[in-house]
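*Asks:* I'd like to ask you about the structure that follows.
The values are calculated or read from the model by the stated rules, or taken from the named source; none is laboratory data. On a predicted model such as this, the values are computed, not experimentally measured, just so you know. Glycine gets a Cβ as well: all are built from the backbone with ideal geometry, and neighbour counts include every protein chain shown. For the accessible areas, the whole protein counts, side chains as well, though only heavy atoms, and no ligand, DNA or RNA atoms are used. Shrake-Rupley method; radii C 1.70, N 1.55, O 1.52, S 1.80 Å.
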Amino acid sequence: MNEIQTKFYNAFIVKDRWLLYFKGLGVTMEIAVIAGIIGIVIGCIIALMKLSEPKKGHKHTIWWTIATVYVDIIRGTPAVLQLLIMWFIVFSSSNNGVLVASLSFGINSGAYVSEIIRAGILAVDRGQTEAGRSLGLTRGQTMKEIVLPQAIKNVLPPIGNEFITLIKETAIVGYVSLSDLTRVASQISSRTYEAFMPLIGAAVIYFVIIKVLTLLLEALERRLRKSDLR
Amino acid sequence: MISVKNLCKQFDTTKVLDNISTDIEKGDKVAIIGPSGSGKSTFLRCLNLLEEPSKGEIWFEGQLITDPNVNINKIREKMGMVFQNFNLFANKTVLDNITLAPVKLGLMSKSEATDKAMELLTRVNLRDKAYVYPASLSGGQKQRIAIVRSLAMNPDVMLFDEPTSALDPEMVGEVLEVIKGLAETGMTMVIVTHEMGFAREVSNRVMFIDEGIIMEENTPDKLFNDPQSKRLKEFLSKVL
Ligand SMILES: Nc1ncnc2c1ncn2[C@@H]1O[C@H](COP(=O)(O)OP(=O)(O)O)[C@@H](O)[C@H]1O
Ligand SMILES: [Mg+2]
């Protein structure tokens with residue numbers, strides 16, 4: 001066997017190591033998907049808090065203030081640190097690592113998603129809201145019937161992008177000893193004293209997944225744009 | 001029907017409406033003219049509280065609607081409003097645009113609302129557009145449908161804010177025809193407009209608003225033929 005074949009064999013074939021990469025990928029995707037769902041739920045709540053209507057004579061609601069502080073803190077601190085804080089301080093007694101990491105990324109992602117949703121709602125022409133209100137519809141009815149259905153089209157593509165970013169960001173869970181794709185690759189490289197094959201292999205797997213998701217997202221965007229012209 | 005007492009509106013530090021008082025009676029057709037930025041839209045939007053007055057009282061059908069305890073949504077059901085930019089709901093078909101409010105607010109069943117919408121669409125010659133989305137309509141068609149959408153609520157008064165200002169010139173006529181037709185039915189109307197000929201023809205009263213006050217108010221004949229204030233004379237010489 002030549003040298004490259006040996007390296008490939010050591011990195012992927014021997015002891016069924018390729019299985020480890022797929023297990024790692026499973027952890028990566030599990031964290032990303034759960035975090036994505038948590039992020040969307042939190043993002044919706046925070047966006048609505050930010051858009052809540054202040055009482056007469058007030059500039060903002062208490063909800064607005066809470067939401068703004070949350071977004072500021074999340075955006076103003078590194079995601080790795082948020083993860084370490086969740087792991088070693090908030091949930092130090094938990095033994096479900098994947099769930100703690102998902103929660104940490106979900107809370108992080110929620111801040112970014114909330115800004116996407118807020119922008120998507122504000123991008124719907126204000127005149128339509130005024131028309132709805134002028135007919136006697138309540139604020140809630142106008143939101144539900146007119147604004148949100150149009151806002152969803154604005155927010156789906158950027159939320160898809162946020163999810164793609166999330167998949168890559170989960171690569172830091174190695175800091176709290178979770179065996180995601182990145183950590184598996186790095187462990188195998190230290191065991192075989194050979195970095196090239198495992199690291200490039202992991203990179204290729206990330207790339208293919210993200211490329212596929214990006215293509216799907218572009219197709220979705222094209223469809224949404226078409227339905228705008230109906 | 002509508003009684004405005006000492007209405008003031010301020011945006012932060014800029015005073016836009018300065019102590020306006022007037023009465024609009026049932027069946028009145030009031031045209032509001034004046035230079036751009038003088039507060040015409042703000043005045044109209046205060047009438048249905050799309051803008052919140054800073055001071056003053058607005059009474060509608062015997063109710064003080066500037067009272068914070070009034071359910072403004074109920075009041076708005078009786079006050080139709082037509083906007084310069086149509087503001088049709090982009091995610092709904094023409095028919096759904098028209099039936100949404102009466103059905104959601106429990107005023108009509110779905111089938112009653114549909115019948116009413118079809119009858120109104122026939123009146124403005126747009127019955128064949130019932131199932132299309134607004135994006136495929138011309139400006140004149142959009143505005144006629146916006147008018148129908150308001151009428152479907154059976155309002156007691158209609159507020160128009162420059163209903164033809166965003167239209168290509170060849171479409172102005174079709175919209176003005178619909179408004180004239182509506183005037184003939186006896187509808188109470190307040191119309192902000194730059195179409196002086198139209199104002200003269202349909203209104204029984206014209207208000208000239210300038211710098212946030214009603215500078216002059218009269219029958220169309222007197223106001224256009226015998227303007228009193230210097231500002232109105234200047235304004236008319238520019239627009240006529
Ligand atoms: N939401 C707002 N915030 C601040 N200023 C406003 C707002 N709406 C209107 N204005 C100001 O109030 C003045 C009157 O506006 P408007 O009522 O729209 O005039 P018109 O309809 O007569 O052209 C303008 O100077 C405008 O800039
Ligand atoms: Mg205006």
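*Asks:* Exactly one condition in (1) under 22 Å from B:Asp156 (Cβ atoms); (2) in contact with a strand residue (DSSP E or B) (Cβ under 8 Å, 6 or more places away or on another chain); (3) of a type outside the set (Ser, Thr, Tyr); (4) touching a residue at least 24 places away in the same chain (Cβ under 8 Å) is not met by B:Val70; state its number.
*Replies:* B:Val70 satisfies all of (1) under 22 Å from B:Asp156 (Cβ atoms); (2) in contact with a strand residue (DSSP E or B) (Cβ under 8 Å, 6 or more places away or on another chain); (3) of a type outside the set (Ser, Thr, Tyr); (4) touching a residue at least 24 places away in the same chain (Cβ under 8 Å) except (4).
*Asks:* Kindly establish whether A:Val27 is open to solvent by 40 Å² or more (accessible area, probe 1.4 Å), touching a residue at least 24 places away in the same chain (Cβ under 8 Å) and assigned to a helix (DSSP H, G or I).
*Replies:* Values: open to solvent by 40 Å² or more (accessible area, probe 1.4 Å): no; touching a residue at least 24 places away in the same chain (Cβ under 8 Å): yes; assigned to a helix (DSSP H, G or I): yes.
When the stated conditions are applied, A:Val27 does not pass them.
*Asks:* Just to verify a result, which residue in the stretch B:123-142, among those that are closer than 17 Å to A:Gln128 by Cα and in a loop (DSSP other than H, G, I, E, B), is nearest to the other protein chains (Cβ to nearest Cβ)?
*Replies:* Here the answer is B:Tyr133.
*Asks:* Only one of A:Ile188, A:Ile205, A:Ile167, A:Ile152 is farther than 30 Å from B:Leu49 by Cα, open to solvent by 30 Å² or more (accessible area, probe 1.4 Å) and not aromatic (Phe, Trp, Tyr). Can you tell me which? Show your work before the answer.
*Replies:* Values: A:Ile188 fails: open to solvent by 30 Å² or more (accessible area, probe 1.4 Å); A:Ile167 fails: open to solvent by 30 Å² or more (accessible area, probe 1.4 Å); A:Ile152 fails: farther than 30 Å from B:Leu49 by Cα.
So the residue among A:Ile188, A:Ile205, A:Ile167, A:Ile152 that is farther than 30 Å from B:Leu49 by Cα, open to solvent by 30 Å² or more (accessible area, probe 1.4 Å) and not aromatic (Phe, Trp, Tyr) is A:Ile205.
*Asks:* Of the residues that make up the stretch A:132-150, is at least one over 19 Å from the mean Cα position of the chain (by Cα), among the hydroxyl-bearing types (Ser, Thr, Tyr) and not in a loop (DSSP other than H, G, I, E, B)?
*Replies:* Filtering the stretch A:132-150 for residues over 19 Å from the mean Cα position of the chain (by Cα) gives A:132-150.
Within this subset, residues satisfying the condition of being among the hydroxyl-bearing types (Ser, Thr, Tyr) are A:134, A:138, A:142.
If we keep only those that are not in a loop (DSSP other than H, G, I, E, B) as well, we get A:134, A:142.
Yes, the stretch A:132-150 has at least one match.
*Asks:* Additional query: Of the numbered conditions (1) over 29 Å from B:Asp168 (Cβ atoms); (2) crowded, with 21+ Cβ neighbours inside 10 Å; (3) of a type in the set (Val, Ile, Thr), B:Val103 satisfies every one except a single condition; which is it?
*Replies:* With respect to (1) over 29 Å from B:Asp168 (Cβ atoms); (2) crowded, with 21+ Cβ neighbours inside 10 Å; (3) of a type in the set (Val, Ile, Thr), B:Val103 is out only on (2).
*Asks:* Which pairs have Cβ atoms under 6 Å, sit 6 or more apart or on different chains, and link a residue in the stretch B:153-166 that is open to solvent by less than 20 Å² (accessible area, probe 1.4 Å) to one that is within 11 Å of ligand 2 (Cβ to nearest atom)?
*Replies:* B:Leu159/B:Leu44; B:Asp161/B:Ser41; B:Asp161/B:Leu44; B:Asp161/B:Phe83; B:Asp161/B:Gln84; B:Asp161/B:Val192
*Asks:* Considering only residues that are in contact with a Leu (Cβ under 9 Å, 6 or more places away or on another chain) and at the interface with chain A (Cβ under 9 Å from one of its Cβ atoms), look in the stretch B:54-73 and name the one that is surrounded by the most Cβ atoms within 10 Å (Cβ to Cβ). Talk me through it step by step, then tell me what you get.
*Replies:* Narrowing the stretch B:54-73 to residues in contact with a Leu (Cβ under 9 Å, 6 or more places away or on another chain): B:54-58, B:60, B:65-66, B:70, B:72-73.
Applying the additional criterion that residues be at the interface with chain A (Cβ under 9 Å from one of its Cβ atoms) yields B:72-73.
Details: B:Ile72: 19, B:Asn73: 15.
Checked the stretch B:54-73; the qualifying residue surrounded by the most Cβ atoms within 10 Å (Cβ to Cβ) is B:Ile72.
*Asks:* For B:Asn85, state whether it is at the interface with chain A (Cβ under 7 Å from one of its Cβ atoms), more than 14 Å from A:Glu145 (Cβ to Cβ) and open to solvent by 50 Å² or more (accessible area, probe 1.4 Å).
*Replies:* On the way: at the interface with chain A (Cβ under 7 Å from one of its Cβ atoms): yes; more than 14 Å from A:Glu145 (Cβ to Cβ): yes; open to solvent by 50 Å² or more (accessible area, probe 1.4 Å): yes.
Taking the combined requirement at face value, the residue satisfies it.
*Asks:* Filter the stretch B:6-36 down to the residues that are part of a loop (DSSP other than H, G, I, E, B) and either away from ligand 2 (no atom under 16 Å from the Cβ) or open to solvent by 80 Å² or more (accessible area, probe 1.4 Å) (or both) and list them by number. Walk me through how you get there before you give the answer.
*Replies:* Residues of the stretch B:6-36 part of a loop (DSSP other than H, G, I, E, B): B:12-13, B:25-28, B:34-36.
Answer for the stretch B:6-36, where residues must be part of a loop (DSSP other than H, G, I, E, B) and either away from ligand 2 (no atom under 16 Å from the Cβ) or open to solvent by 80 Å² or more (accessible area, probe 1.4 Å) (or both): B:Asp12, B:Thr13, B:Glu25, B:Lys26, B:Gly27, B:Asp28, B:Ser36.
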